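Worksheet for the structure shown next.
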Number of protein chains: 2
Amino acid sequence: MRISLLGGTGDIGEALALRWAYDTHHEVVIGSRDPERARTKAEEYETELRSRDVDRKVTGFANGMAADRGDVVVLAVPPYQVAELVESVAEKLSDTVLVSPAVGMSRDEEGLHYNPPDVGSVTQLVDAVAPEGVPVVGAFHALSADRLANLDLAVDIDTVLVGDDPDAKDQVARLTTDIEGVRPLDGGGLANAPEVEAMTPLLVNLGTYNDGLHDAGVKFQ
Amino acid sequence: MRISLLGGTGDIGEALALRWAYDTHHEVVIGSRDPERARTKAEEYETELRSRDVDRKVTGFANGMAADRGDVVVLAVPPYQVAELVESVAEKLSDTVLVSPAVGMSRDEEGLHYNPPDVGSVTQLVDAVAPEGVPVVGAFHALSADRLANLDLAVDIDTVLVGDDPDAKDQVARLTTDIEGVRPLDGGGLANAPEVEAMTPLLVNLGTYNDGLHDAGVKFQ
């Protein structure tokens, strides 16, 4: 499977790229607006993996080319860039599953708050702008990028997947299972995305107010 | 400490009453609109505890008398009854901490959705209608009543507390810690209540879509 991480030079993109490259044999492709930056980061990830005796090829391209190459395309960009990104690569998305991990949040003095777009969630926004027939799966919202990017740390966390296309959701669930210590759970359809996304500000707030929960994940049991 | 569970004849009231009576020496008081029903349920709880060789007094009263007696008063009623309940017992609430576990939800074909009142959350609604100087703490939202009420089951779950009064929040945290296997986490101020409450429909949806997660709880780690 070829996984393209658009915005794969950012925190969550880096974390997923490293884990997929480290734990699996899927091909990892980094996309960025700036192809040079994508290549530089891809090389950094390769160097990080080589330091752990893992020799893996990670490639970097402009977002459009990365999207074109991906069987699964992860939109690892901030929420306010998601719609524009999907539109900019729309014609490259055939036979592709789009994965949306972004969450809209706002901050006040108490902490972070869930602040979704009018359509209800970023995942549903992606679905609204995705080309006809391209399935969208919401996933990887409540994963701490810092924790995941540190390959020295074992993780034992859940991530909830939502989507209206069962095959696409299964495909993303398998890619999730392939990362050691991350369990995919089925959250139902895209209409259930808001409650899934709202866990991200909650996790950040718990990290703020409780010792030892910085970069915490969630486990349902 | 005397804990009054208004609406303590319902599912979450029963679960908390049984656990506090079973695990602690706090005095447990059941409130109901119908005092006779409160007394009947209180006797049922005593019988359940005696069957486990625990001899504890649980008393039942009309909500107003139960509120009057409580050091801590838990509003264990459905969300649409919360404001009316608080107003109906307002003059009994002095030197009392109010605890709000209710969550507003709506259902569509995909599952349950978070559906808070306009003020942002049920917890904040309670704060809006509570008498001046009575602190409000949101807690116990994501606990499965069925699982908690079954004293045969060991639990290992978290509950997130929100509140603007640190002393009141500490008091509820201590009462939470007293229940074996339930860990209180600090979610910050009342403004953070929506993200905490939104976990409840998520948990129900996960139970719907995943084997073995019916009545699941959540653990942050």
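Structure notes:
- Of the solvent-accessible surface of the protein assembly as shown, computed with a 1.4 Å probe over protein heavy atoms with every protein chain present, carbon and sulfur atoms account for 44 percent.
- Shielding by partners for peptide B:189-199, expressed as the average number of C-beta atoms from other protein chains within 10 Å of each residue's C-beta, is 6.
- Counted over chain B, the DSSP beta bridges are approximately 20% antiparallel.
- A 1.4 Å probe run over the protein assembly as shown, with the rest of the protein chains in place, finds 41 Å² accessible per residue.
- Shielded by partner chains, the range A:103-119 residues - at least 40 Å² of accessible area, 1.4 Å probe, vs chain alone: A:GLU110, A:HIS113
- In this assembly, the B-A interface accounts for approximately 2800 Å² of buried accessible surface in total, computed with a 1.4 Å probe and without ligands, DNA or RNA.
- Taking the charge dipole of chain B about its Cα centre, with +1 at Lys and Arg Cβ atoms and -1 at Asp and Glu Cβ atoms, the residue from B:ASN150, B:SER100, B:PRO166 reaching farthest to the positive side is B:ASN150.
- DSSP bridge orientation in the protein assembly as shown - percent antiparallel, rounded to nearest 5: 25 percent
- For the range A:121-221, GluC sites (Glu not before Pro) meeting the loop criterion (DSSP other than H, G, I, E, B) and having at most 11 other Cβ atoms within 10 Å: A:GLU132.
- Taken over the alpha carbons of the protein assembly as shown as equal point scatterers, the Debye sum produces base-10 log I(q)/I(0) values at 0.12 Å⁻¹ of -0.94.
- Taking Cα centre as origin and charging only the Cβ of basic (Lys, Arg, +1) and acidic (Asp, Glu, -1) residues, the dipole magnitude of the range A:13-81 rounds to 100 debye.
- Position B:ASP164, label points 7 Å along Cα→Cβ, spacing to each other copy in nm (shortest first, one decimal): 4.1
- Inter-copy label distances for A:ASP71: 6.1 nm (label point placed 7 Å from Cα along Cα→Cβ; shortest first).
- Contact order relative to length of chain A, as percent, for alpha carbon pairs under 8 angstrom and 6 or more apart: 18 percent
- Extending 7 Å from the Cα toward the beta-carbon at both B:ARG174 and A:THR208 defines two label points whose distance is 2.7 nm.
- Relative contact order of the range A:99-184, taken over Cα pairs closer than 8 Å and 6 or more residues apart, is 25 percent.
- Teacher prompt: B:GLU84 distances to equivalent labels in other copies, 7 Å Cα→Cβ, nm: 5.0
- Using a Gaussian network model of chain A in which every pair of alpha carbons under 10 angstrom is joined by a spring, one finds that among A:SER106, A:SER121, A:SER32 the greatest mean-square fluctuation is at A:SER106.
- Here the calculated FRET efficiency for B:ARG147 and B:VAL54, from their Cβ-Cβ distance with R0 = 25 Å, stands at 0.85, rounded to the nearest 0.05.
- Dipole in debye (nearest 20) - chain B, about Cα centre, beta carbon charges: Lys, Arg +1; Asp, Glu -1: 400 debye
- Signed unit charges on C-beta, dipole axis of the range A:12-91, positive-most listed residue A:GLY31, A:GLY60, A:ALA42: A:ALA42
The values are calculated or read from the model by the stated rules, or taken from the named source; none is laboratory data. From a predicted model like this one, the values you see are computed outputs, not experimental measurements. Note: ideal-geometry Cβ built from the backbone for every residue, glycine included; neighbour counts use all protein chains shown. Just the protein is used for accessible areas: all its heavy atoms, side chains included, with ligands, DNA and RNA removed. Shrake-Rupley method; radii C 1.70, N 1.55, O 1.52, S 1.80 Å.
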